[in-house]
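Heads up, the thing below is written out as structure tokens.
The values are calculated or read from the model by the stated rules, or taken from the named source; none is laboratory data. Because the structure is predicted, anything quoted here is derived from the model rather than measured. We place every Cβ from the backbone using ideal geometry, glycine too, and count neighbours over all the protein chains shown.
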Amino acid sequence: MIIKKPRDKSKINKVAKGSRKEKICYDELKDYPYRWKTIRHRFLSIDLFGMFDVVAANETEIRLIQVKSGYCSNKVREKIKAIKLPACCQKEIWCWFDNKGWKKEVIK
């Protein structure tokens with residue numbers, strides 16, 4: 001008889017999990033005429049403005065996207081809302097829910 005131990009959730013590699021969700025985001029953006037780039041430093045946990053994971057741009061607009069797995073807290077939403085950007089920039093939160101896909105929200 002094999003006894004399985006409960007999985008220790010602290011051992012989940014959060015960087016790898018985030019990178020997988022960003023890859024799914026890229027796969028969706030490649031259908032549109034955007035050039036996109038991930039903003040991540042190899043040794044530090046920083047991104048653009050400390051908030052955005054993906055920057056997608058074309059000739060007329062720039063989309064700054066925060067990628068989340070599941071839930072996005074109100075604290076993060078308020079921080080994103082507080083950032084002032086020009087009219088050509090759009091702030092977005094993309095939350096990935098397993099078996100459901102993306103829930104996309106534009107922050108004004």
Query raised in the report: From S69, S73, S19, which residue is out of contact with any Leu (no Cβ under 9 Å at 6 or more places or on another chain), at pLDDT 85 or above, hydroxyl-bearing (S, T, Y) and surrounded by 13 or more Cβ atoms within 10 Å (Cβ to Cβ)?
Result: S69
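Residue under question is A87, and the condition is that it be surrounded by fewer than 18 Cβ atoms within 10 Å (Cβ to Cβ), touching a Phe, Trp or Tyr at 6+ places or on another chain (Cβ under 7 Å) and either at pLDDT below 90 or not aromatic (F, W, Y) (or both); does it hold? Before the answer, list the steps.
Numbers: surrounded by fewer than 18 Cβ atoms within 10 Å (Cβ to Cβ): yes; touching a Phe, Trp or Tyr at 6+ places or on another chain (Cβ under 7 Å): no; either at pLDDT below 90 or not aromatic (F, W, Y) (or both): yes.
Considered against the rule, which asks whether it is surrounded by fewer than 18 Cβ atoms within 10 Å (Cβ to Cβ), touching a Phe, Trp or Tyr at 6+ places or on another chain (Cβ under 7 Å) and either at pLDDT below 90 or not aromatic (F, W, Y) (or both), A87 comes out as no.
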Query raised in the report: Do the conditions hold for W102, that is, is it surrounded by 14 or more Cβ atoms within 10 Å (Cβ to Cβ), within 12 Å of F52 (Cα to Cα) and among the hydrophobic types (A, V, I, L, M, F, W, C)?
Result: no
**Report entry** Every pair of residues 6+ apart whose Cβ atoms lie under 8 Å, when the first sits in the stretch 80-105 and is in contact (Cβ under 8 Å) with a residue 40 or more places away in the chain and closer than 14 Å to V67 by Cα while the second is hydroxyl-bearing (S, T, Y) and surrounded by 12 or more Cβ atoms within 10 Å (Cβ to Cβ)
**Finding:** W96/S69
Query raised in the report: For the stretch 55-89, what are the residues that are in a strand (DSSP E or B), closer than 20 Å to S19 by Cβ and either in contact with a Cys (Cβ under 6 Å, 6 or more places away or on another chain) or among the aromatic types (F, W, Y) (or both)?
Result: V67, K68
Report task. Only residues that are of a type in the set (A, V, I, L, M, F, W, C) and either over 16 Å from the mean Cα position of the chain (by Cα) or part of a loop (DSSP other than H, G, I, E, B) (or both): list them for the stretch 90-108, please. Result -> none
